[in-house]
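Here is the structure we will look at.
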Amino acid sequence: MVRSFLTRAAVGLLSLAALSCASGSVFQLSLEEQAALREALDTPLTFIVPREESIESWDRAREFLDRYSSMKLRSTTDSMLVSYDTPTYSSDPSSVESGANLRYGYTISRSRDPGGIQVVVQCTASTKRGDEFAKQNAHLAASYILTGYLGCTRCIVR
């Protein structure tokens with residue numbers, strides 16, 4: 001009886017594992033999306049925009065935040081866009097991280113540079129477990145601001 005129960009439980013777990021793998025394939029990136037993500041990840045987070053393109057690139061920065069940030073725009077100036085409040089952790093951050101919804105906020109700044117306008121892009125996760133995706137989001141934002149092209153909107157983690 002115990003052996004039968006264990007066998008059924010093992011078969012059930014294997015079935016669930018197979019279903020999760022099958023359903024995960026639905027979210028696989030196409031070859032074009034994979035290439036766009038690789039290209040975006042190669043985009044530096046600090047870059048120079050020619051002066052004649054500075055207004056368009058700043059408009060794209062604002063548009064990116066409006067569309068893709070999971071936190072609302074908190075501060076806007078001529079030189080900085082901020083879409084988050086700095087996360088504050090309790091004395092036991094693990095309790096906050098395990099129960100909190102993971103969200104991503106951005107800081108995008110611009111300043112004069114002899115070669116044009118320097119843009120700096122940062123993405124911050126609301127908890128430490130989102131740091132790797134925050135880095136990916138920052139590169140996607142930088143690529144969009146620089147080029148006006150976002151080849152993989154599904155790659156942005158919100």
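The values are calculated or read from the model by the stated rules, or taken from the named source; none is laboratory data. Predicted model, so just to flag it, every value in this text is computed and none were measured. Virtual Cβ from ideal backbone geometry, glycine too; neighbours counted across all protein chains shown. The accessibility values were calculated without ligands, DNA or RNA, using every heavy atom of the protein model including side chains. Shrake-Rupley method; radii C 1.70, N 1.55, O 1.52, S 1.80 Å.
Do any residues in region 29-42 that are under 9 Å from residue 143 (Cβ atoms) have Cβ atoms under 6 Å from those of residues that are at pLDDT 95 or above and polar (S, T, N, Q), where the two are at least six apart or on different chains, and which pairs are they?
Close Cβ pairs (under 6 Å, with a partner that is at pLDDT 95 or above and polar (S, T, N, Q)) amount to 40/143.
Sort out which residues of region 115-138 are open to solvent by 50 Å² or more (accessible area, probe 1.4 Å), touching a strand residue (DSSP E or B) at 6+ places or on another chain (Cβ under 9 Å) and either modelled with pLDDT under 95 or outside any strand (DSSP E or B) (or both), and write them in order of number.
115, 131, 132, 133, 135
If I filter region 50-77 down to residues being over 16 Å from the mean Cα position of the chain (by Cα) and at pLDDT below 90, which single residue comes out as least open to solvent (accessible area, probe 1.4 Å)?
For region 50-77, the residue satisfying everything is 75.
Among the numbered conditions (1) modelled with pLDDT under 95; (2) within 16 Å of residue 36 (Cβ to Cβ), tell me where residue 141 comes up short.
Evaluating residue 141 over (1) modelled with pLDDT under 95; (2) within 16 Å of residue 36 (Cβ to Cβ) leaves (1) as the failure.
Would you check which residues across region 34-49 are open to solvent by 40 Å² or more (accessible area, probe 1.4 Å) and either of a type outside the set (Lys, Arg) or touching an Asp or Glu at 6+ places or on another chain (Cβ under 9 Å) (or both) and list them?
Answer for region 34-49, where residues must be open to solvent by 40 Å² or more (accessible area, probe 1.4 Å) and either of a type outside the set (Lys, Arg) or touching an Asp or Glu at 6+ places or on another chain (Cβ under 9 Å) (or both): 34, 35, 39, 41, 42, 44, 45, 46, 48.
Could you say which residue among 23, 15, 90 is within 25 Å of residue 126 (Cα to Cα) and either modelled with pLDDT under 50 or in a loop (DSSP other than H, G, I, E, B) (or both)?
Result of the check over 23, 15, 90: 90.
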